[in-house]
Amino acid sequence: MENKLAIFGGSPVRNTALSYGGQWIMDDEVEAVLDTLRSPFLTQGPNIEQFEQVVSHSVGTKYAVAFSNGTAALHAACYAAGIQSGDEVITTPLTFVATSNAVLYQEGTPVFADVDKDTYLIDLNKVGQLITPQTKAIIPVDFTGQPVNMRKVEQIAKKHDLIVIQDSAHSLGASYNGEKVGSVADMTMFSFHPVKPVTTAEGGIIVTNNEEYFEKLTLFRSHGITRNPQLMSKFDQGGWYYEMIELGYNYRLTDLQATLGISQMKRLETFIERRKEIACRYTEAFKVYEQAGFLKCPLQDPLANSGWHLFILQFCLEQFTVGRRELFDALRAENIGVNVHYIPVHKQPYYQRIGYNTCSLPVAEQLYERFITLPLFPKMNDRDIRDVIIAVDKVINHFRKR
Ligand SMILES: *Cc1c(COP(=O)(O)O)cnc(C)c1O
């Protein structure tokens with residue numbers, strides 16, 4: 001095999017681009033969605049509730065409320081938690097912007113705690129120092145699919161009377177110490193974007209055991225409108241009558257999407273098994289480089305059973321003749337759809353402008369400089385996996401300091 005890098009004019013490891021993530025939809029799932037398209041309800045029909053039941057049953061909570069997307073679901077959770085102007089909410093900078101944006105929607109103040117250098121998750125030892133009388137909630141994120149130790153979060157929350165909203169966009173189907181993700185926090189959010197564990201195209205959900213939160217989430221999803229006589233101010237006004245009792249939004253999922261979600265949930269376990277298998281293959285293949293000090297594979301908490309949403313290589317840049325940018329470009333030129341997760345949220349221009357320009361989170365900032373995310377999704381075949389490994393080998397061997 002030719003070893004000249006594609007970025008220098010050699011032939012790429014593969015001829016077609018491999019993406020970093022993506023959905024896997026079967027023909028029978030397409031048929032199920034078409035059936036719904038022919039049914040009386042395109043939205044607000046029976047499939048939404050069925051989908052909610054499937055999800056709440058799978059994580060073991062009393063309630064689930066489906067939303068148009070995960071971001072809307074987080075917004076609703078912040079509303080249900082009563083977050084408002086003056087409230088502080090502690091979260092991680094190594095997440096998608098939607099996590100802390102949901103706090104801003106409610107006029108709360110996100111407070112970023114730095115991450116653990118090994119697991120890349122919020123450093124719970126640093127959370128304590130950030131708690132003030134204004135702290136109202138904490139939003140841990142199961143970054144890469146590895147679940148946060150929620151019993152430890154629960155201890156902190158109980159001590160300081162905080163509400164816990166878990167951002168589990170990456171970790172549906174994962175567990176920690178035998179407990180399913182979603183079963184511990186006050187509210188847990190899952191996303192159904194196409195790159196997430198299962199998909200409804202766009203979609204999100206909050207699971208909870210708390211009836212009050214359930215009621216609030218349901219109102220918020222649909223304009224703050226209710227037909228429940230117990231919640232209305234007037235009785236028996238006629239069959240058309242409803243009341244708007246809060247300011248809500250239209251954050252509803254459609255029946256078409258719920259139909260897809262119901263069938264995707266049946267495949268969640270096999271999807272995760274496949275993700276785990278791919279992660280094992282990568283870890284095995286890159287062990288030699290890890291031992292030689294060229295990179296680090298993702299460290300797993302022994303009690304965590306990850307959903308393996310992302311596989312991130314941390315490059316020890318001191319050992320290379322070039323920076324992350326060049327390694328990234330070289331892998332892309334080989335037609336491997338690498339990515340970087342995430343630009344630390346406080347570094348985004350909007351956050352810099354609203355006062356986070358003085359915010360310093362050295363661990364997250366340094367990790368970000370060294371991260372490259374490899375393709376990882378259930379539909380990848382063995383050849384795709386092999387191509388990724390060959391390309392990483394090729395690029396490392398070219399740019400490593402001898
Ligand atoms: C995807 C994602 C979200 C938002 O979900 P959407 O369904 O895309 O709105 C929030 N947080 C994290 C960590 C995510 O990865």
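Quick one: would you say ASP87 is out of contact with any strand residue (DSSP E or B) (no Cβ under 7 Å at 6 or more places or on another chain) and charged (D, E, K, R)? No. Does the range 29-50 include one or more residues that are open to solvent by 20 Å² or more (accessible area, probe 1.4 Å) and closer than 30 Å to ASN125 by Cβ? No, because not a single residue in the range 29-50 is open to solvent by 20 Å² or more (accessible area, probe 1.4 Å) and closer than 30 Å to ASN125 by Cβ. Answer yes or no as to whether GLY261 is part of a helix (DSSP H, G or I), within 21 Å of the chain's Cα centre (by Cα) and touching a residue at least 12 places away in the same chain (Cβ under 8 Å). When the stated conditions are applied, GLY261 passes them.
Of all residues in the range 351-380, those that are part of a strand (DSSP E or B) have Cβ atoms under 8 Å from Cβ atoms of residues that are open to solvent by 50 Å² or more (accessible area, probe 1.4 Å), 6 or more apart or on another chain, in THR373/TYR20; LEU374/TYR20. Specify the residue that is most open to solvent (accessible area, probe 1.4 Å); the eligible residues are those in the range 101-117 that are under 20 Å from the mean Cα position of the chain (by Cα) and more than 16 Å from the ligand (Cβ to nearest atom). Here the residue is LYS117.
Any residue in the range 195-207 that's over 23 Å from PRO375 (Cβ atoms): show its pairings with residues that are acidic (Asp, Glu) and more than 10 Å from the ligand (Cβ to nearest atom) at Cβ separation under 8 Å, as long as the two are six or more apart or on different chains. Close Cβ pairs (under 8 Å, with a partner that is acidic (Asp, Glu) and more than 10 Å from the ligand (Cβ to nearest atom)) amount to ILE205/GLU52. Restricting attention to the range 118-139, the residues that are in contact (Cβ under 8 Å) with a residue 40 or more places away in the chain and either away from the ligand (no atom under 16 Å from the Cβ) or more than 23 Å from LEU313 (Cα to Cα) (or both) total 11. If you go through the range 144-172 and keep only what is surrounded by fewer than 24 Cβ atoms within 10 Å (Cβ to Cβ) and small (Gly, Ala, Ser), you end up with just ALA157.
Within the range 164-216, the residues that satisfy the criterion of being in contact with a helix residue (DSSP H, G or I) (Cβ under 8 Å, 6 or more places away or on another chain), in a loop (DSSP other than H, G, I, E, B) and more than 16 Å from the ligand (Cβ to nearest atom) are ASN177, SER183, VAL184, ASP186.
For the range 64-100, a residue qualifies if it is of a type in the set (S, T, N, Q) and within 12 Å of the ligand (Cβ to nearest atom), and the qualifying residues are SER68, ASN69, THR71, THR91, THR92, THR95, THR99, SER100.
Summed over the range 307-334, residues that are of a type in the set (S, T, N, Q) and buried (at least 18 other Cβ atoms within 10 Å of the Cβ) total 1.
One residue alone among VAL141, VAL97 is open to solvent by 30 Å² or more (accessible area, probe 1.4 Å) and under 18 Å from the mean Cα position of the chain (by Cα), and that residue is VAL97. Any residue that is among the hydroxyl-bearing types (Ser, Thr, Tyr), farther than 19 Å from LYS4 by Cα and surrounded by fewer than 19 Cβ atoms within 10 Å (Cβ to Cβ) - is there at least one of those in the range 335-342? No, because not a single residue in the range 335-342 is among the hydroxyl-bearing types (Ser, Thr, Tyr), farther than 19 Å from LYS4 by Cα and surrounded by fewer than 19 Cβ atoms within 10 Å (Cβ to Cβ). Just one of the numbered conditions (1) in contact with a Pro (Cβ under 9 Å, 6 or more places away or on another chain); (2) under 28 Å from ALA17 (Cβ atoms); (3) among the small types (Gly, Ala, Ser) is not true of ALA364: (2). Please determine whether any residue of the range 220-235 is aromatic (Phe, Trp, Tyr), away from the ligand (no atom under 16 Å from the Cβ) and part of a strand (DSSP E or B). No, the range 220-235 has no match at all.
Remark: pairs (first residue in the range 1-26, closer than 16 Å to ARG386 by Cβ; second residue outside any loop (DSSP other than H, G, I, E, B) and among the charged types (D, E, K, R); Cβ separation under 6 Å; 6+ apart in sequence or on different chains) = VAL13/ASP387; ARG14/ASP387; LEU18/ASP384. For ASP142, are the conditions met, namely being more than 16 Å from the ligand (Cβ to nearest atom) and charged (D, E, K, R)? Answer is no for this residue. Here GLY293 meets the list (1) under 30 Å from LYS401 (Cβ atoms); (2) under 27 Å from the mean Cα position of the chain (by Cα); (3) assigned to a loop (DSSP other than H, G, I, E, B) almost entirely, failing just condition (2).
The values are calculated or read from the model by the stated rules, or taken from the named source; none is laboratory data. All figures in this text were calculated on a predicted structure; none of them were measured in a lab. Glycine also receives a Cβ, built like all others from the backbone with ideal geometry; neighbour counts cover every protein chain displayed. The accessibility values were calculated without ligands, DNA or RNA, using every heavy atom of the protein model including side chains. Shrake-Rupley method; radii C 1.70, N 1.55, O 1.52, S 1.80 Å.
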